[in-house]
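Here is the structure we will look at, set down as structure tokens.
The values are calculated or read from the model by the stated rules, or taken from the named source; none is laboratory data. All of these numbers come straight from a predicted model, not from anything done at the bench. Positions of Cβ are backbone-derived with ideal geometry, glycine not excepted, and every protein chain shown enters the neighbour counts. Just so you know, the surface numbers come from the protein's heavy atoms only, side chains and all, with ligands and any DNA or RNA stripped out. Shrake-Rupley method; radii C 1.70, N 1.55, O 1.52, S 1.80 Å.
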Amino acid sequence: MNEAVAKGARVLALCADDFGMSPGVSQVIASLAHAGRINATSCLTNAAHWRTSAPLLSDLSHSVDVGLHFNLSDGEPLSAELRMLWPRLPELPRLIARAQMRALPLTAIAAEFAAQHAAFVDAIGRPPAFIDGHQHVHHLPGIRDIVLAAVARSPSTTAVRNTGLVHGPGFGVKRALIAGTGGRALKRELVERGIAHNPMLIGVYDFVPGSYRRWMKGWLACVPAEGALLFCHPGASDGGDVIDAIANARGPEADYLSSNAFTDDLLEARLSIARVWRRARQAQST
């Protein structure tokens, strides 16, 4: 991983989500990070395999950011406060509906955020470098206030994933839903508060295997001069008991990201892998 990017060069950050979900997912993500194919990973600290997977991140390069993938839509809560209300976390449509109706148990959700954050610090030994959300829940009404308050209390957490400007080929409805359910509101808050964030988000697709390189070439082509963050979901099946709705897409993503085709596509697009976090005065134009 080379952070020495030439002035004016376009840069791309690649964040592999769902580290800790299963041994197969975590091992593949760690391997890609060590190989310099990604420069960030976002961790599910309420997942059953988080504790045993975390040591895989212990000797990563300083140019690889490790963040918290705040989860309110998959598995079980960590905190006693939220478990009393939700023994299992709700599916995303229900969570979105309750957020839009301002009907979420925000005190219990704040306790859950604190529990997931504490689990990260306990395993990694430092606060997360950034915060985002599993299925983008961090931008939902009410939840984003909890996230932003936590960032204000923790100067070591330097960035938050911006979901307010989502570009790329196809899937316009899906991209609009991400931005419209809270992404644009989160972006305004990030700008107003001067919190570092990615200028643009790319990586939205339908998780159907067989077309990942085609989508990637479209994403690479739309990266602006300020750079973009691409979120991805590489992994491997390990025959465990983890329910994973996008399991069939993880292997093809991992194969492509570890291949010569990926480096060839980066070279053709004249892109370098590097951090893209920008503070408000640098991101206003996006």
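Quick rundown of the values:
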| read-out | value |
| --- | --- |
| Hz values of 3J(HN,Hα) by residue in segment 220-237 - Karplus curve (6.51, -1.76, 1.60), Gly and Pro given as x | 4, 5, 9, 5, x, 4, 6, x, 8, 9, 9, 9, 9, 9, x, x, 9, 6 |
| Accessible-area order (highest first, 1.4 angstrom probe) of the listed residues VAL121, VAL64 | VAL121, VAL64 |
| Size of charge dipole - segment 54-150 - debye, nearest 20, with Cβ of Lys, Arg +1 and Asp, Glu -1, no other charges | 360 debye |
| Size of charge dipole - the chain - debye, nearest 20, with Cβ of Lys, Arg +1 and Asp, Glu -1, no other charges | 1060 debye |
| Accessible surface of LEU140 - all protein chains present, 1.4 Å probe, nearest 10 Å² | 0 Å² |
| Residue-averaged 222 nm ellipticity for the chain, from DSSP H runs of 4+ at -39500 (n - 2.57), nearest 500 | -11500 deg cm²/dmol |
| Rounded to whole Hz, the Karplus (6.51, -1.76, 1.60) HN-Hα couplings of segment 55-62, x for glycine and proline | x, 5, 9, 5, 10, 6, 4, 5 |
| Segment 101-208, relative contact order [Cα under 8 Å, separation at least 6], % | 25 percent |
| Average Cα contact separation per residue, the chain, under 8 Å, 6 or more apart, as relative contact order % | 25 percent |
| Whole-Hz ³J(HN,Hα) from phi, Karplus 6.51 cos²θ - 1.76 cosθ + 1.60, for segment 252-268, glycine and proline x | x, 4, 4, 4, 5, 5, 8, 9, 5, 4, 5, 5, 5, 5, 4, 5, 4 |
| Per residue accessible area in Å² of the chain, where ligands, DNA and RNA are left out and the probe is 1.4 Å | 43 Å² |
| Residues whose placed amide H lies under 5 Å from that of PHE70, excluding near-sequence neighbours | ASP132, GLY133, HIS134 |
| Of GLN116, HIS136, SER31, farthest towards positive along the dipole that unit charges on Lys, Arg, Asp, Glu beta carbons give segment 1-140 | HIS136 |
| Under-5 Å amide H pairs with ALA40, H placed in peptide plane, nonlocal only | LEU14, ALA16, ASP65 |
| Sequence-separation-based contact order of segment 27-71, relative, with Cα cut under 8 Å and 6+ spacing, percent | 50 percent |
